[in-house]
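**Q** Take this structure first; my questions come after.
The values are calculated or read from the model by the stated rules, or taken from the named source; none is laboratory data. Since this is a predicted model, take the numbers as computed values, not measurements. Cβ coordinates were reconstructed from backbone atoms using ideal geometry, including for glycine residues, and neighbour counts include every protein chain displayed. The accessibility values were calculated without ligands, DNA or RNA, using every heavy atom of the protein model including side chains. Shrake-Rupley method; radii C 1.70, N 1.55, O 1.52, S 1.80 Å.
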Amino acid sequence: MPVSVLIVDDSGFFRHRIEEMLKDDPRLSVVGTAVNGKEAVELAKRLKPDVVTMDVEMPQMNGIEAVRIIMREAPTNVLMLSSLTHEGARVTLQALEAGAADYLPKDIRAWMDKGSSVRSQLIDRLVALGRSRRHRRSTAFERSYPGHAEKGTTMVFRPEPEKPRSTTSTTTSSPRARTTPAPRTAPGALRSRETAPPVASPAAPAAAGKNDPATTPASRVRFPDCKLVVIGASTGGPAALQKVLTALPANYPYPILLVQHMPKTFTQVFAERLNQQCNISVKEAEDGDRMRPGLALLAPGGLQMMIDPKQTDRVRILPGDERLTYKPSVDVTYASAAKTYSGKVLGVILTGMGADGCDGARLLKQAGSTMWAQNRDTCTIYGMPQAVVNANLADAVLALEDIGPLLANRGPR
């Protein structure tokens, strides 16, 4: 069965444009459209779509409030569409706190350009999110700031068994619902990708996957002798990173580098947000920033973060290779850490689509460093961790709720 999609936007242009983008893909079926948050809630409860695209600013009820109600009354994966502005970033993070699973920037020029990559990005996200079943509990990422997040809570996504693809769409009748048919080498030995790699299938349940290793019990994890922690994430990463970082004490003894796939404006706001929630300090990295214990530097969107080879306690923020799809790229930062710190790095790969981080993880392992991967059960999308696991590069496969305490305690309690 195709993934059923509910489109929510007060703009007729965007509703029609999204439908147009999705109509020829047999994996997706638009089952309804809504023009405001109130209508979105009603249709979400009645149509029970697999995934919802949600605008932020709408009359009667905005997207953030609609997400809160939908997650309470009809839990569904929600993809937010937001502007590339400081305010757009701020409200997008609020939507993620309310329970949205992911977001896509809403740049009118890119959406009007039929030659842009927006269509493929939108479809990839909807297919991946639509095939995941969300089991949601209270999450620390919901806590309003300022102030610190409550410990011991989490947001968990569990994948459903994959349904056979069908070229026939299902029809749902409703007053407003409508149905439509459904390698080059970059510097540092990292493969470049002109388009994002296919999503490593999130469909098979963890217990049933023949190649899925068992989750490593926290009590059996050995903390490595390291000088630096590097964490990479993509889809679902904001909540996962918040979960991990709020577990760390203010006097954490290692510097931390963070790579989250986000546009420039979003990384600035996200770093500010994390800094207010965490005991450690968090800031968006700037060229020449010094790495120090208890400080997490977040790679800025649109740029690459590397370690300065001449001053190995500082980072360099550079444009990077144009052939690399991801800016920032987990591969680039992992590779730089491997070259500079050899076997003294702890790499952590969290939830995300694609395979960014796998090539860099290989270089870390070749240098003698340690890699942890988030397990399938707690990932929003089990793509990036799965690539590392399938390449036999993970020293431990961990539930999200175990990663923060293991980092904080430098091993089992």
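**Q** If I filter the range 367-385 down to residues being modelled with pLDDT of 95 or more and in a helix (DSSP H, G or I), which single residue comes out as nearest to Cys226 (Cα to Cα)?
**A** Here is the first cut: in the range 367-385, the residues modelled with pLDDT of 95 or more are 367-375, 384-385.
Right, trim to in a helix (DSSP H, G or I) and you get 384-385.
Working: Met384: 23, Pro385: 21 Å.
Residue satisfying both the conditions and the ranking: Pro385.
**Q** Here's something else I'd like to know. Can you tell me which of Gly302, Gly343, Gly411 is farther than 24 Å from Ala247 by Cα, in a loop (DSSP other than H, G, I, E, B) and out of contact with any strand residue (DSSP E or B) (no Cβ under 9 Å at 6 or more places or on another chain)? If you could, list the steps in order and put the result at the bottom.
**A** On the way: Gly343 fails: out of contact with any strand residue (DSSP E or B) (no Cβ under 9 Å at 6 or more places or on another chain); Gly411 fails: farther than 24 Å from Ala247 by Cα.
Checking each option against the conditions leaves just Gly302.
**Q** Quick check on the range 118-139: of everything there that is at pLDDT below 85 and polar (S, T, N, Q), which residue is surrounded by the fewest Cβ atoms within 10 Å (Cβ to Cβ)?
**A** Ser138
**Q** Only one residue in Gly404, Gly354, Gly320, Gly368 is open to solvent by 20 Å² or more (accessible area, probe 1.4 Å) and closer than 30 Å to His86 by Cβ, so which one is that? Steps first, please.
**A** On the way: Gly404 fails: open to solvent by 20 Å² or more (accessible area, probe 1.4 Å); Gly354 fails: open to solvent by 20 Å² or more (accessible area, probe 1.4 Å); Gly368 fails: closer than 30 Å to His86 by Cβ.
Going through Gly404, Gly354, Gly320, Gly368 in turn, just one is open to solvent by 20 Å² or more (accessible area, probe 1.4 Å) and closer than 30 Å to His86 by Cβ: Gly320.
**Q** Then there is this: Scan the range 98-118 residue by residue and report those that are charged (D, E, K, R) and over 16 Å from Met353 (Cα atoms).
**A** Let us first name the residues in the range 98-118 that are charged (D, E, K, R), namely 102, 106-107, 109, 113-114.
Passing the criteria: Lys106, Asp107, Arg109, Asp113, Lys114.
**Q** Hey, another quick one. Taking Ala299 as the residue in question, decide whether it is aliphatic (A, V, I, L, M) and within 18 Å of the chain's Cα centre (by Cα). Reasoning before the result, please.
**A** Numbers: aliphatic (A, V, I, L, M): yes; within 18 Å of the chain's Cα centre (by Cα): yes.
Yes, satisfied.
**Q** Still on this structure, I have one more. Considering only the range 65-80, I want to know if a residue exists there that is of a type in the set (S, T, N, Q) and either within 12 Å of Ile7 (Cα to Cα) or at pLDDT below 90 (or both). Can you show your working first?
**A** Going through the range 65-80, the residues of a type in the set (S, T, N, Q) turn out to be 76-77.
Those left that are additionally either within 12 Å of Ile7 (Cα to Cα) or at pLDDT below 90 (or both): none.
So far as the range 65-80 goes, no, none of its residues is of a type in the set (S, T, N, Q) and either within 12 Å of Ile7 (Cα to Cα) or at pLDDT below 90 (or both).
**Q** Restricting the first residue to the range 71-90 and requiring it to be more than 15 Å from Pro49 (Cβ to Cβ), which pairs with a second residue that is exposed (fewer than 14 other Cβ atoms within 10 Å of the Cβ) meet a Cβ separation below 6 Å and a spacing of at least six or different chains?
**A** none
**Q** Restricting to the range 346-363, what's the tally of residues that are in contact with a Gly (Cβ under 9 Å, 6 or more places away or on another chain), part of a helix (DSSP H, G or I) and within 23 Å of Asp102 (Cα to Cα)? Give the steps one after another, and end with the answer.
**A** Taking the range 346-363 as the starting set, the residues that turn out to be in contact with a Gly (Cβ under 9 Å, 6 or more places away or on another chain) are 347-357, 359-361, 363.
Applying the additional criterion that residues be part of a helix (DSSP H, G or I) yields 359-361, 363.
Restricting the remaining residues to those that are within 23 Å of Asp102 (Cα to Cα) gives none.
Final tally of qualifying residues: 0.
**Q** Given the criteria modelled with pLDDT under 95 and of a type in the set (Val, Ile, Thr), does Thr235 qualify?
**A** yes
**Q** Quickly run through the range 15-46 and pick out the residues that are of a type in the set (A, V, I, L, M, F, W, C) and open to solvent by 20 Å² or more (accessible area, probe 1.4 Å). Write out each step before concluding.
**A** Here is the first cut: in the range 15-46, the ones of a type in the set (A, V, I, L, M, F, W, C) are 18, 21-22, 28, 30-31, 34-35, 40-41, 43-44.
Within the range 15-46, just Val35 meets the criteria.
**Q** Among the residues of the range 341-350, which ones are modelled with pLDDT of 95 or more and either polar (S, T, N, Q) or open to solvent by less than 10 Å² (accessible area, probe 1.4 Å) (or both)?
**A** Val345, Leu346, Gly347, Val348, Ile349, Leu350
**Q** Could you say which residue among Ala399, Ala373, Ala394, Ala338 is surrounded by fewer than 24 Cβ atoms within 10 Å (Cβ to Cβ) and either in contact with a helix residue (DSSP H, G or I) (Cβ under 9 Å, 6 or more places away or on another chain) or hydrophobic (A, V, I, L, M, F, W, C) (or both)? Reasoning before the result, please.
**A** Details: Ala373 fails: surrounded by fewer than 24 Cβ atoms within 10 Å (Cβ to Cβ); Ala394 fails: surrounded by fewer than 24 Cβ atoms within 10 Å (Cβ to Cβ); Ala338 fails: surrounded by fewer than 24 Cβ atoms within 10 Å (Cβ to Cβ).
The unique qualifying residue is Ala399.
**Q** So, of the residues in the range 95-113 that are in a helix (DSSP H, G or I) and more than 14 Å from Ile69 (Cα to Cα), which turns out to be most open to solvent (accessible area, probe 1.4 Å)? Quick ask: steps written out before the conclusion?
**A** Residues of the range 95-113 that are in a helix (DSSP H, G or I), as a first pass: 95-98, 108-112.
Applying the additional criterion that residues be more than 14 Å from Ile69 (Cα to Cα) yields 108-112.
Working: Ile108: 76, Arg109: 179, Ala110: 28, Trp111: 1, Met112: 121 Å².
Per the stated criteria, the residue is Arg109.
**Q** Go over the candidates Phe266, Phe270 one by one and state the one that is hydrophobic (A, V, I, L, M, F, W, C) and either more than 27 Å from Asn409 (Cβ to Cβ) or surrounded by fewer than 17 Cβ atoms within 10 Å (Cβ to Cβ) (or both).
**A** Values: Phe270 fails: either more than 27 Å from Asn409 (Cβ to Cβ) or surrounded by fewer than 17 Cβ atoms within 10 Å (Cβ to Cβ) (or both).
Within the list Phe266, Phe270, the selection yields Phe266.
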